[in-house]
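Below: one structure, written as structure tokens.
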Amino acid sequence: MMSENLKLARLYFLLLALSTVGRITLGVRKVPYASGHYLFSLVMLTIFGCIFYGAFCRRWRGLNLLEVAVLAGTLGLATQIVIFTATVGSYALGVETYFNNPTPLGSTLPVPFAVAVLRRLGGLMANTILASIWGALGWCMGPLLPDKI
């Protein structure tokens, strides 16, 4: 089942990679967080991705609710691993990116590395669960799709 989920998620992983590069680029180019964060929002990518995958996989692949929740959780976990890794990398390289910006880390002042890691670990757990819920919501919307195109 996991290998099938990873196969299904290839398009999502491509979008995740493009969005991650976009966020890093905006941060490195010193585009203010308030002006650019929404352009490559990984949170919105996750929410919409999980809803779409949930709906489409129910309707056209016949996945049940649990299977969709696991698939969406996989998408959420992958996104959170990318966020965690990009945050650690930003601190390690001493580069200002949207991943070590104080605002998404819940502060107005620079956030120390250890605090940022703890916050990202919390996000890793919570947002993986939320992704499963978004996928389940998408699964509930699946019957709105036509049987065939």
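What follows is calculated from the coordinates using simple rules that are stated; it is not laboratory data. Because the structure is predicted, anything quoted here is derived from the model rather than measured. Positions of Cβ are generated from backbone atoms using ideal geometry, with glycine treated the same way; all protein chains shown enter the neighbour counts.
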Does at least one position in segment 137-148 carry a residue that is at positive phi, surrounded by fewer than 21 Cβ atoms within 10 Å (Cβ to Cβ) and assigned to a loop (DSSP other than H, G, I, E, B)?
no
From the list LEU8, LEU42, pick out the single residue that is within 10 Å of the chain's Cα centre (by Cα) and closer than 20 Å to SER132 by Cα.
LEU42
Quick one: ALA131 ticks every box in (1) crowded, with 21+ Cβ neighbours inside 10 Å; (2) within 22 Å of VAL28 (Cα to Cα) except a single one, so which number is it?
(2)
Hey, among VAL111, VAL88, which residue is among the β-branched types (Val, Ile, Thr) and assigned to a helix (DSSP H, G or I)?
VAL88
Filter segment 108-149 for residues that are in contact (Cβ under 8 Å) with a residue 60 or more places away in the chain, in contact with a Leu (Cβ under 9 Å, 6 or more places away or on another chain) and among the aliphatic types (A, V, I, L, M) and give the result.
ALA131, ALA136
Log entry, pairs with first residue in segment 76-105 being closer than 17 Å to TYR33 by Cα, second being basic (Lys, Arg), beta carbons closer than 6 Å, six or more apart or on different chains, reads THR87/ARG120; TYR98/ARG23; LEU105/ARG119
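Any idea which of PHE113, PHE56 is among the aromatic types (Phe, Trp, Tyr) and surrounded by 15 or more Cβ atoms within 10 Å (Cβ to Cβ)?
On the way: PHE113 fails: surrounded by 15 or more Cβ atoms within 10 Å (Cβ to Cβ).
Answer to the check: PHE56.
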